[in-house]
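Accompanying notes for the structure given below.
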Amino acid sequence: VKNSEQLVTDLYKQIDADKNLAGIQFDDNLGGNYPLPHTIDVTLRFPGELRKSDNIKGEDSNAYSWATNVLFPTYQLPGPRDFLLNHGAKPEYKAEGFLQIQEELSLAIINHLKRRERGENFTGNGLHIQMQRFPYPKWISDKLLSTMRLFIPLLVMLGTAYSCVNNVRAVALEKEKQLK
């Protein structure tokens, strides 16, 4: 495609996700430029819906998408998201192919720049790329504390409502008996 707008339009037209894994969008200023600069801005455009979704129907809409519209989870627990999963939380970037495309694209750009600078190919032999979760500081996994965060405001509200109802009842009783 000729530019980023046409790429987005073409990807929206492709309803069948089996044909295209993703779109790779380079900066429009790179069109026809040679040699390529050392810093290249790249945008990976994936479908809005996840391909490898094992979610149950009825979950929130972010369960089926990349959830790029939210900065933080609706209900945030202490510690990293889904800390028991080694590969990270949803959306699963490895299962969706995001990390593989990012790796292949990076290796292709490195190969191109190495050929240009030194006249030799970058084979990637001996190069081993590993995925690792982002480090997270120590935290205490306390389910009671997390649950209490939900119920303490409810208990305070119910306690306040009960005392308000009793006060109204007492004032109404005083008015009926004409004590004041």
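Per-residue answers, yes or no, for (1) closer than 30 Å to residue 98 by Cβ; (2) in a loop (DSSP other than H, G, I, E, B); (3) touching a helix residue (DSSP H, G or I) at 6+ places or on another chain (Cβ under 8 Å):
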{"site": "122", "(1), (2), (3)": "yes, yes, yes"}
{"site": "131", "(1), (2), (3)": "yes, yes, yes"}
{"site": "139", "(1), (2), (3)": "yes, yes, no"}
{"site": "147", "(1), (2), (3)": "no, no, no"}
{"site": "150", "(1), (2), (3)": "no, no, no"}
{"site": "156", "(1), (2), (3)": "no, no, no"}
{"site": "164", "(1), (2), (3)": "no, no, no"}
{"site": "167", "(1), (2), (3)": "no, no, no"}
{"site": "172", "(1), (2), (3)": "no, no, no"}
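Within segment 76-99, can you find the residues that are within 16 Å of residue 131 (Cα to Cα), small (Gly, Ala, Ser) and touching a residue at least 12 places away in the same chain (Cβ under 8 Å)? Passing the criteria: 88, 95, 97.
Checking the structure you have, find out if any residue of segment 79-93 is assigned to a helix (DSSP H, G or I) and either among the small types (Gly, Ala, Ser) or out of contact with any strand residue (DSSP E or B) (no Cβ under 9 Å at 6 or more places or on another chain) (or both). No: zero hits. Only residues in segment 104-120 that are in the same structural domain as residue 44 (by TED's automatic domain parsing) count as the first member; pair them with residues that are among the charged types (D, E, K, R) and assigned to a helix (DSSP H, G or I), Cβ under 9 angstrom, at least 6 apart or cross-chain, and list the lot. Cβ pairs passing all conditions: 120/114. Inspect segment 171-180 for any residue being farther than 30 Å from residue 78 by Cβ, without any contact (Cβ under 8 Å) to a residue 24 or more places away in the chain and touching a Lys or Arg at 6+ places or on another chain (Cβ under 6 Å) and give the result as yes or no. Scanning segment 171-180, I find at least one residue that is farther than 30 Å from residue 78 by Cβ, without any contact (Cβ under 8 Å) to a residue 24 or more places away in the chain and touching a Lys or Arg at 6+ places or on another chain (Cβ under 6 Å), so the answer is yes. Among residues of segment 1-48 being modelled with pLDDT under 70 and surrounded by 11 or more Cβ atoms within 10 Å (Cβ to Cβ), the one that is farthest from the chain's Cα centre (by Cα) is 1. Pairs linking a residue in segment 121-146 that is under 30 Å from residue 78 (Cβ atoms) and touching a residue at least 12 places away in the same chain (Cβ under 8 Å) to a residue that is surrounded by 10 or more Cβ atoms within 10 Å (Cβ to Cβ) and among the basic types (Lys, Arg), with Cβ atoms under 7 Å and 6 or more positions apart or on different chains, are 131/94. Taken over segment 126-180, the criterion of being at positive phi and assigned by TED's automatic domain parsing to the domain that holds residue 87 is satisfied by 126 alone.
The values are calculated or read from the model by the stated rules, or taken from the named source; none is laboratory data. If you're wondering where the values come from, they're calculated on a predicted model, not measured in any experiment. Counting neighbours? That spans all protein chains shown, and the Cβs are built from the backbone with ideal geometry, glycine included.
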